[in-house]
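Just below is one structure, and these are the notes that go with it.
What follows is calculated from the coordinates using simple rules that are stated; it is not laboratory data. Predicted model, so just to flag it, every value in this text is computed and none were measured. Cβ sites come from the backbone with ideal geometry, for glycine too, and all protein chains shown count toward neighbours.
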Amino acid sequence: MACEVEWIPLGDIVNLSSGGTPDKKQPAYWDGEIPWISAKTLTGDTVTTSNLFITEEGLHAGSKLAPVGSILLLTRGSGLFKRIPLAIVNAPVAYNQDVKCMTSKVATITNEYVFFALKALSPELTNMLETTGIGAGKLATDRLLDMPIPVLSHDEREKAVSFFSALSRKIMINNRINDYLLEVGEMRFADLETRGTLSKTVHIADLPHILETGKRPKGGAASCGIPSVGAENVKKLGEFNYSSNKYIPRTFADNLKKGRVNGYELMIYKDGGRPGQFIPHFSMFGEGYPYKEFYINEHVFKLDFGDRGLNEFAYYYFHTPYVMKWLETNGTKAAIPGINRQNIEELEFPDPEQESVQDFCKRIQPYFTAIFRNCLENKQLQSLRDTLLPRLMSGEIDVSKVDLTQLTNNHLADC
């Protein structure tokens, strides 16, 4: 099945504008209430928040505001050729000079359609950037505007946008549910601390546990094989960057005695960062997320108390000021920032025999199960979207003759 598609230069469809950076030496421009997006903070498919903020004065002095529904595209950055950061704005944000804001100037073509059309062209766009000769990490605006994008008929555009928007909304809802479940867990844990029910402590060294790292073969990771997860993916529970995939050979994995992730162990960021600075990070995986079989490398610690609930309790406990400060202090002592086995095993840890700890461990388990299952569903939905987008947008598949709902259900069932 196929349908007709017209290829039109992007510049004929959208208006493009660049942002800017307020003077960083002017305190009056910063720490305001307007989220500000830069190359380091533009990630994912949607923009809803930021960790940088400017004031109204800063906005008028050097930046611009992207309206809701507009498209932000990162046009400069060291990782630009590996992935094209492209996002739809869910709440008004300001943006810097490395980010372009696009809005459709054709009444019958929506911003959402342009967004999905560009997502479908990500491989071609990446290849174009690599061959322009303009230097790594920079996108030429004129070449971007000259790039043709596929335009389906009006009815086909509406159906395609409706389908892909539904997938994106489901992914966003799952992420919001995960954030809510994590927050509820944090409140329950904080309640334990407030009531003083964690007063009895032991050292981790005194508890039955496994603390180990994995490794990769001499010469580094392989191009295919069994996934090997590094410190770059030990950031936060429920977050994983598949574009940073690394692998170890099957034969090498079969001979490893340490480092296999079975699920529900605490992952600890072991080493990395700038000299004199160590920022602790933790994560956890389970329910086949992010992979059914994978290992950690030598830059990640796996801590397992042999009790899933206690491992989940540890995830929250390791975020307490005491543990964060302990690991941060010890992690900055070495020339290469990092922590060792002794730093972890010397930590004081709430006695697992306390009734309050055991009760928390029982209550928290369904939260983590739901989080990982949502993450796994998101992975499947993103796979479906990335598979279908190029074929539907290019006209290879006639969107008007496809039962997209049934196709989605079949894909999830197969996964």
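Can you give me the relative contact order of region 164-250 as a percent, contacts being Cα pairs under 8 Å and 6 or more apart?
Reported relative contact order: 25 percent.
Could you compute the net charge surrounding PRO92? Neighbours are other residues with a C-beta less than 14 Å from the C-beta of PRO92; K and R count +1, D and E count -1.
Cβ neighbours under 14 Å give a net charge of -1.
Given H placed 1.01 Å from N in the peptide plane, which residues other than close sequence neighbours of ILE248 have an amide H under 5 Å from its amide H?
It is ALA222, ILE226, SER228, by chain and number.
Pairs LYS215/LYS302; LYS24/LYS64; LYS236/LYS270; LYS170/LYS292; LYS246/LYS379: which are spaced more than 19 Å apart, C-alpha to C-alpha? Working shown, then result.
Details: LYS215/LYS302 12 Å; LYS24/LYS64 16 Å; LYS236/LYS270 14 Å; LYS170/LYS292 23 Å; LYS246/LYS379 17 Å.
Where the Cα-Cα span goes over 19 Å, the pairs concerned are LYS170/LYS292.
Need one number: convex hull volume per residue for region 328-389, Cα atoms only, in Å³.
152 Å³
Among the lysines, select those whose C-alpha is under 21 Å from the C-alpha of LYS362, and discard any that sit fewer than 8 residues away in the same chain.
Reachable lysines: LYS200.
Which of the listed residues, VAL14, THR332, SER283, is farthest toward the dipole's positive end in the chain, when Lys, Arg count +1 and Asp, Glu count -1 at the beta-carbon?
THR332
Would you mind checking which residues have amide H under 5 Å from PHE349's amide H? H placed 1.01 Å from N; only 5 or more apart, or other chain.
Answer set, sorted by chain and number: VAL202, HIS203, ILE204.
Can you give me the relative contact order of the chain as a percent, contacts being Cα pairs under 8 Å and 6 or more apart?
17 percent
Taking Cα pairs under 8 Å and at least six residues apart, what relative contact order does region 201-351 come out at, in percent?
Normalised by residue count, the contact order of region 201-351 is 35 percent.
Once you charge only the Cβ atoms, +1 for Lys and Arg and -1 for Asp and Glu, what is the size of the charge dipole of the chain about its Cα centre, to the nearest 20 debye?
Around 940 debye, computed over the chain.
What list of ³J(HN,Hα) couplings, whole Hz, do you get for region 200-216 from phi and the Karplus terms 6.51, -1.76, 1.60, once you set θ to phi - 60° and write x for glycine and proline?
Per residue, the Karplus-derived 3J(HN,Hα) values read 7, 10, 10, 9, 4, 4, 8, 9, x, 6, 10, 10, 8, 10, x, 6, 10 Hz.
Compute the distance from the alpha-carbon center of region 295-366 to that of region 180-212, in whole Å.
Here the two parts' Cα centres lie 9 Å apart.
Among GLY220, SER244, ALA205, flag the residue with its Cα farthest along the positive direction of the charge dipole of region 201-351, charges on Cβ as +1 for Lys/Arg and -1 for Asp/Glu.
Comparing the listed Cα positions along the dipole, GLY220 ranks first.
For GLY238, list long-range residues whose amide hydrogen, built 1.01 Å from N in the peptide plane, is under 5 Å from its own amide hydrogen.
When sequence neighbours closer than 5 places are left aside, the close amide H contacts are MET284.
For region 152-176 and region 85-114, what is the separation of their Cα centres, given in Å?
16 Å
Does the chain come out rounded, prolate or oblate by the C-alpha gyration tensor, with a ≥ b ≥ c the root eigenvalues, rounded set by a/c under 1.5 and, if not, prolate when a/b is larger than b/c and oblate if not? Each step should come with its number before you reach the end.
Numbers: a/c = 1.87, a/b = 1.57, b/c = 1.19.
Verdict is prolate for the chain.
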